[in-house]
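The values are calculated or read from the model by the stated rules, or taken from the named source; none is laboratory data. A quick note: this is a predicted structure, and the numbers were derived from the prediction, not measured. Just so you know, the surface numbers come from the protein's heavy atoms only, side chains and all, with ligands and any DNA or RNA stripped out. Shrake-Rupley method; radii C 1.70, N 1.55, O 1.52, S 1.80 Å.
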Amino acid sequence: EFIDSYYFNQVEDIRFNSTVGKYVGYTELGLKNAEAWNKGSELAQELGELERVCKRNADIHYSAVL
């Protein structure tokens, strides 16, 4: 699971969660940004990072934990 959180003044405003597959907002500003980011290129960039980093290296990190 890949989670990318954004905080302002120690409050989580917005989060990308790979299980959900989109940005989720937790504050008023976060909700507005999540809606815009889910429609824009930001979502494609996060999904690209998921494929590029997480899925390629999941087996390596999993075997290191074991």
* **Nearest 10 degrees, 0 to 90: helix 56-65 Cα axis against the chain principal axis** => 70
* **Rounded tilt (10° steps) of 28-39 against the dominant C-alpha axis of the chain** => 60
* Asked: Hey, what D do you get for the chain in µm²/s if you plug the Kirkwood alpha-carbon radius into Stokes-Einstein at 37 °C and 0.692 mPa s?
  -> 258
* Asked: Which whole-Hz couplings ³J(HN,Hα) result when phi for each residue of region 3-16 is put into the Karplus expression 6.51 cos²θ - 1.76 cosθ + 1.60, θ = phi - 60°, listed in order with x for Gly and Pro?
  -> 10, 10, 9, 10, 10, 9, 6, 6, 10, 6, 8, 8, 9, 9
* Extension gain from ALA64 to GLU1, taking 0.36 nm per residue of separation minus the Cα-Cα distance -> 21.0 nm
* To do: With a 1.4 Å probe and every protein chain left in place, work out the accessible area per residue of the chain in Å², rounded to a whole number.
  => 76
* To do: Once you have the Cα-Cα distance between LEU29 and ARG56, take 0.36 nm times their residue separation minus that, and quote the gain in nm to one decimal.
  => 6.4 nm
